[in-house]
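Okay, so here's the structure we're looking at.
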Amino acid sequence: MLTSEQLIALYRDLRSTPVLSVYIDADQHDPAHRSAWRVQLDNQIRDLRRILAGDGDAVPEGFEEAVGHVNDALGRHHDGFLPGSGWVGFATGEGPVLTESVPVPMPTLVRWEEGLRVAPYLRGLKQARPVIVAVVDSRRALVYVYRAGELDDPVEIAADRDVGEVWESSSSKRASTHSGTRGETARDAGQAIARVHTERMLDDCAERVADLAGNDGFVVLGGVHEQTAALAELLPDTFAERCAERPALHLGMTPAQVKAVVEDAASELSRSLQEKRAREVLDVALSDGDACLGWEDTARAVTERRARRVYVSAGARAARPDDTDRLVGTAFDGGAEALELAGEGGRLLDEKAGGIAALLRYRVP
């Protein structure tokens, strides 16, 4: 998938160009329905063609050519499953702009309008956000990346291999001899050295986890509590709301067992973060801070590029899909982040704000 930066560059390049935006749900597994996506796509194109033609016989210039470009890109999959869980295509009358399979489900949707229909892609980016898993003890860490339902093979980060004898001596039941430093036994020295190597290993692990998680990835920590607590302290403060500890994780688990724990943790983190976002924007707006509630005020703020983060409930999108997608696209073009809230966060937004709200860069009278 494109990065957010690549997507916004594409969006801005084509904001005044008629574009055919095509999204296909490819998350199908029944052989009897392997080409169902084709039927759904053809039906939506036919319906859109009729709407565009209106009372006349002709559709807008470039539409049929754009349809042809999309069909050419899909040609080799005509009678079978599409790869991935979803498919995205953008085309103008002059040629295809982007055609790709994506690892997250997409709604089947066809639109012809100025600029890209970008909101479904943004939702896909959020679904594909990485979950970084670190399972640690005092000697080593295993770091996994979970994304779009797949768990990658772990990367091992080990403390100094030469320190094995130190651990053995520090945990031995035999009487200790002096190390040569007044007041310090060989056991004390061995434990001190072991701690240093553990700290270095945790530093390396924290750096890797932070790099992999980026600005919006989740982090799940497990293993020995003393080390997971130390690792959490090493992560930047921005990870506090995106990080969870799961004591059930340990180094002896199979990938399938790790995956099950991580999926549950990621769902809980997502729900918690969405509810927190909803309460935040409601609190700021109701205390006359830099926020607004409702369709009218939010749409005006987005159009005037005063919004810095827009929230839309899943219910609002279902009730007004085109309005929501256009608003999200305009917000995206203005440099604002756009998030869809479900669960308790979405319910709060529906109840208090009509399903839509925004944090603002500044307010106007």
* Name the pairs whose Cβ atoms lie under 7 Å apart, with the first residue in the stretch 208-221 and closer than 18 Å to GLU233 by Cβ, the second part of a strand (DSSP E or B) and not β-branched (Val, Ile, Thr), and 6 or more positions between them or separate chains? -> VAL209/ALA134; VAL219/CYS243; VAL220/ALA244; LEU221/ALA134; LEU221/CYS243; LEU221/GLU245
* Do you know which residues across the stretch 133-155 are among the aliphatic types (A, V, I, L, M) and over 22 Å from GLN6 (Cβ atoms)? -> VAL133, ALA134, VAL135, VAL136, ALA141, LEU142, VAL143, LEU151, VAL155
* Run down LEU122, LEU116 and say which single residue is in contact (Cβ under 8 Å) with a residue 12 or more places away in the chain and within 17 Å of ASP216 (Cα to Cα). => LEU122
* **Hits in the stretch 1-37 (condition: under 22 Å from the mean Cα position of the chain (by Cα), surrounded by 14 or more Cβ atoms within 10 Å (Cβ to Cβ) and not in a loop (DSSP other than H, G, I, E, B))** => SER4, LEU7, ILE8, LEU10, TYR11, SER21, VAL22, TYR23, ILE24, ASP25
* Given (1) of a type in the set (S, T, N, Q); (2) farther than 30 Å from LEU14 by Cβ; (3) buried (at least 20 other Cβ atoms within 10 Å of the Cβ), number of the condition SER313 does not satisfy -> (2)
* Asked: Hey, does the stretch 106-116 have a residue that's within 20 Å of the chain's Cα centre (by Cα), at pLDDT 95 or above, in a strand (DSSP E or B) and surrounded by fewer than 20 Cβ atoms within 10 Å (Cβ to Cβ)?
  -> no
* In the stretch 76-103, what count of residues is obtained for those that are among the small types (Gly, Ala, Ser) and more than 26 Å from ALA128 (Cβ to Cβ)? -> 2
* What helices (runs of 4 or more DSSP H) lie completely within the stretch 289-365 and have 3 or more residues being under 23 Å from LEU7 (Cα atoms) and within 20 Å of the chain's Cα centre (by Cα)? -> 321-333
* Among the numbered criteria (1) buried (at least 17 other Cβ atoms within 10 Å of the Cβ); (2) hydrophobic (A, V, I, L, M, F, W, C); (3) part of a loop (DSSP other than H, G, I, E, B), which single criterion is violated by ALA58? -> (1)
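Could you list, in sequence order, all residues of the stretch 64-81 that are over 17 Å from SER21 (Cβ atoms) and assigned to a helix (DSSP H, G or I)?
Narrowing the stretch 64-81 to residues over 17 Å from SER21 (Cβ atoms): 75-81.
The answer is GLY75, ARG76, HIS77.
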* To do: Could you please find all residues in the stretch 82-105 being under 23 Å from the mean Cα position of the chain (by Cα) and outside any strand (DSSP E or B)?
  => LEU82, PRO83, GLY84, SER85, PRO103, VAL104, PRO105
* Structure fact -> Scanning the stretch 211-267 for residues that are within 30 Å of GLU5 (Cβ to Cβ), among the small types (Gly, Ala, Ser) and assigned to a helix (DSSP H, G or I) gives ALA213, ALA232, ALA240, ALA265, ALA266, SER267
* Give the residue, chosen from TYR146, TYR121, that is closer than 30 Å to ASP325 by Cα, surrounded by 18 or more Cβ atoms within 10 Å (Cβ to Cβ), modelled with pLDDT of 95 or more and hydroxyl-bearing (Ser, Thr, Tyr). => TYR146
* Please tell me if GLY329 is more than 18 Å from SER21 (Cα to Cα) and of a type in the set (Gly, Ala, Ser). => no
* Would you mind telling me which numbered condition in (1) surrounded by 18 or more Cβ atoms within 10 Å (Cβ to Cβ); (2) under 26 Å from LEU7 (Cβ atoms); (3) out of contact with any strand residue (DSSP E or B) (no Cβ under 6 Å at 6 or more places or on another chain) LEU282 fails? => (2)
* Residue that is surrounded by the most Cβ atoms within 10 Å (Cβ to Cβ), among those in the stretch 223-247 that are among the small types (Gly, Ala, Ser) and in contact with a strand residue (DSSP E or B) (Cβ under 7 Å, 6 or more places away or on another chain) -> GLY223
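The values are calculated or read from the model by the stated rules, or taken from the named source; none is laboratory data. Predicted, not measured: the structure shown is a model, and the values here were computed from it. In this analysis, Cβ positions are derived from the backbone assuming ideal geometry, glycine residues included, and neighbour counts consider all displayed protein chains.
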